[in-house]
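Each reported figure results from applying straightforward, stated rules to the coordinates on display, with no laboratory input. Keep in mind that this is a model prediction, so the values were computed, not measured. Cβ: placed from backbone, ideal geometry, glycine included. Neighbour counts: every protein chain shown.
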Amino acid sequence: MPAVHADPTAAREFAFEVVARLRRAGHEAVWAGGCVRDELLGHTPADYDVATSAKPEDVRKLFGQRRTLAVGAAFGVMTVLGPRPAGQVEVATFRADAPYTDGRHPAGVTFCGAREDALRRDFTINGMFFDPLEGRVIDYVGGQDDLKEGLIRAIGVATMRFGEDHLRMLRAVRFSAGFGFPLEHETRRAVEAMAHLVESVSPERIAAELRTMAARPGRGQAISLLVETGLAGPVFHEFHQHDAAFWRRAAATVDALDEPSLPLLLAILCQQDSAAATRLAHRLRLSNHERKLTQWLVAAEHAMSEATAAGELAEQPWSILQPWLGHAWRFQLADLRRAVAATTGQGSEAASWVSRQVTRPQVELDPAELLSGHDLLALGVPAGPDIGAMLKKLRSLQLDDEVTSREEAMQKIAAWLASG
Ligand code: ATP
Ligand code: MG
């Protein structure tokens with residue numbers, strides 16, 4: 001889960017306190033998984049997870065009804081709420097997953113000891129515990145060695161682990177690209193052999209992985225790895241026909257973004273194919289905002305390339321460019337234009353021009369309308385489609401500086417009415 005806390009120091013202190021309290025009550029308790037990996041790497045963990053021998057009901061008693069949430073209690077996970085700057089800590093009872101029958105979820109969980117809990121985790125670097133009271137790493141899976149060497153290795157037999165939960169293959173790519181650690185040989189072979197199975201992973205989980213990949217450093221490498229391992233086909237099957245050169249360029253463009261996001265990544269991959277973008281956004285169940293932004297960016301890219309084909313952007317009528325360069329999403333478009341120019345070596349002057357336009361004052365980019373529909377009715381334009389069409393024509397003239405005042409606008413309307 002993404003971090004909700006604002007203050008890493010407070011989060012760490014609270015996670016320490018949670019472990020200390022469980023231990024004082026006689027339970028085993030340690031930090032687990034991603035936070036251990038991140039601390040050993042010298043990174044600030046996004047959040048802290050605690051693993052414990054205490055059962056969910058013990059956790060609830062110890063921290064109190066009001067400071068705990070039982071959303072994940074069926075899997076042995078309790079959320080313990082800290083003071084506001086610290087956020088919350090997930091406290092999970094040591095567990096083993098019952099066999100997966102569908103490649104997606106375990107049929108249930110059974111509580112067990114720390115070692116088994118480590119063995120159910122996905123990759124060795126994610127399978128370590130840390131005892132914050134004694135400052136000691138507890139490593140049943142060889143995570144420290146792989147972390148030193150910089151390898152993403154499945155815990156146990158890779159094909160079996162990916163067979164249990166197909167999403168782990170996308171996680172392998174995400175961690176490999178994010179940390180710049182190659183996939184260990186057997187782990188990589190297993191992904192290559194089983195890549196087609198990600199088809200059956202729920203679209204929400206796929207989208208969540210892509211969202212994280214898109215936003216983090218190594219995002220270009222993530223694209224390359226998806227392609228090399230054969231995951232790109234099933235994940236992006238709306239537009240699988242790209243060649244190797246396309247993917248290389250797309251990966252470089254994604255890396256060159258200043259403000260990366262899933263919509264920008266998808267817009268780059270969809271390459272002006274709005275039908276593909278729409279199908280992909282629906283299939284992955286993106287949020288409305290993400291879907292609309294993706295579609296808008298794809299359409300904007302198309303409009304920009306048409307305008308570029310007609311000549312220099314700066315020479316084009318502003319009324320054609322303004323709907324894009326005056327839009328609330330113009331900064332994302334400028335970022336995209338710049339990243340594309342940086343990686344293709346083409347259109348960098350046009351991209352700079354776009355960047356300058358989008359930072360002009362809002363009143364210039366999107367000036368107030370000179371006349372309203374009511375004004376047109378008052379001037380004698382009959383109610384109906386004429387109103388919208390005239391407003392639109394007027395807007396173009398205004399944006400192109402051909403009509404600059406209310407009076408001129410009224411004269412235009414009068415002239416149009418007179419000419420029928
Ligand atoms: P991030 O920094 O991206 O949050 P993370 O390692 O904390 O990385 P989470 O998805 O938050 O990843 O999961 C926490 C831990 O739970 C992981 O470190 C791993 O030990 C375990 N885990 C998560 N998802 C799976 C999975 N699909 N299969 C096995 N273990 C998993
Ligand atoms: Mg995490």
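Laid out as a table, the results:
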item	result
Simple spin-label estimate for Ala418 and Ala25 in nanometres, 7 Å along Cα-Cβ	8.7
Degrees between helix 203-215 axis and first principal axis of the chain (Cα, 0 to 90, nearest 10)	80
Neighbour-count ranking [beta-carbon atoms within 10 angstrom, fewest first] of Glu301, Glu349	Glu349, Glu301
Nonlocal amide H pairs with Val109, under 5 Å, H built at 1.01 Å	Ala98
Label-point separation in nm, His185 to Thr308, each point 7 Å along Cα→Cβ	4.4
Long-range HN-HN contacts of Phe123 with modeled amide H, under 5 Å	Ile155
Mean separation of Cα contacts under 8 Å (6+ apart) over length of the chain, as relative contact order %	9
Highest-fluctuation residue, Gly150, Gly311, Gly142 considered, GNM on the chain with Cα pairs under 10 Å	Gly311
Cross-link partners of Lys393 among lysines (Cα-Cα below 28 Å; sequence separation of 8 or more within a chain)	Lys292, Lys412
For Arg95, distant residues with modelled amide H under 5 Å away	Cys112, Asp117
Label-to-label distance, nm, for residues given as Leu81 and Gln144 (7 Å Cα→Cβ offset)	3.9
Options Leu262, Val77, His237, ranked by Cα towards positive dipole end of the chain, top entry (Cβ charges)	Val77
Whole-Hz ³J(HN,Hα) from phi, Karplus 6.51 cos²θ - 1.76 cosθ + 1.60, for the stretch 68-75, glycine and proline x	10, 10, 9, 3, x, 4, 4, 9
For the chain, built as a Gaussian network whose Cα springs stay under 10 Å, the top-fluctuating residue of Pro323, Pro367, Pro182	Pro367
Residue among Val198, Val403, Val77 with the largest mean-square fluctuation in a Gaussian network model of the chain, springs linking Cα atoms under 10 Å	Val403
Gyration tensor (alpha-carbon) shape descriptor, the stretch 293-365, a/c threshold 1.5	rounded
Full-stretch length increase - Leu377, His43 - with 0.36 nm per residue and alpha-carbon distance subtracted	113.9 nm
Cα-based shape type of the chain, given that a ≥ b ≥ c are square roots of the gyration tensor eigenvalues and the cut on a/c is 1.5	prolate
HN-Hα J in Hz across the stretch 398-413 - Karplus 6.51, -1.76, 1.60, θ = phi - 60°, x for Gly and Pro	5, 5, 8, 6, 8, 10, 10, 9, 4, 4, 4, 5, 5, 4, 4, 4
In Hz, Karplus ³J(HN,Hα) per residue of the stretch 156-172 (6.51, -1.76, 1.60; θ = phi - 60°; x = Gly, Pro)	x, 7, 4, 4, 5, 5, 6, x, 5, 9, 5, 4, 4, 5, 5, 5, 4
Chain lengthening between Ala368 and Ser405 when straightened (0.36 nm per residue, less Cα-Cα)	12.2 nm
Theoretical FRET efficiency, 1/(1+(r/R0)^6), r = Cβ-Cβ of Val137 and Glu349, R0 35 Å, to 0.05	0.05
Stretch gain in nm, segment Arg279-Thr101, where the contour uses 0.36 nm per residue and the Cα spacing is subtracted	61.1 nm
Zone residues, the stretch 343-370, relative to Arg248, backbone N less than 15 Å from point 7 Å out along Cα-to-Cβ	343-345
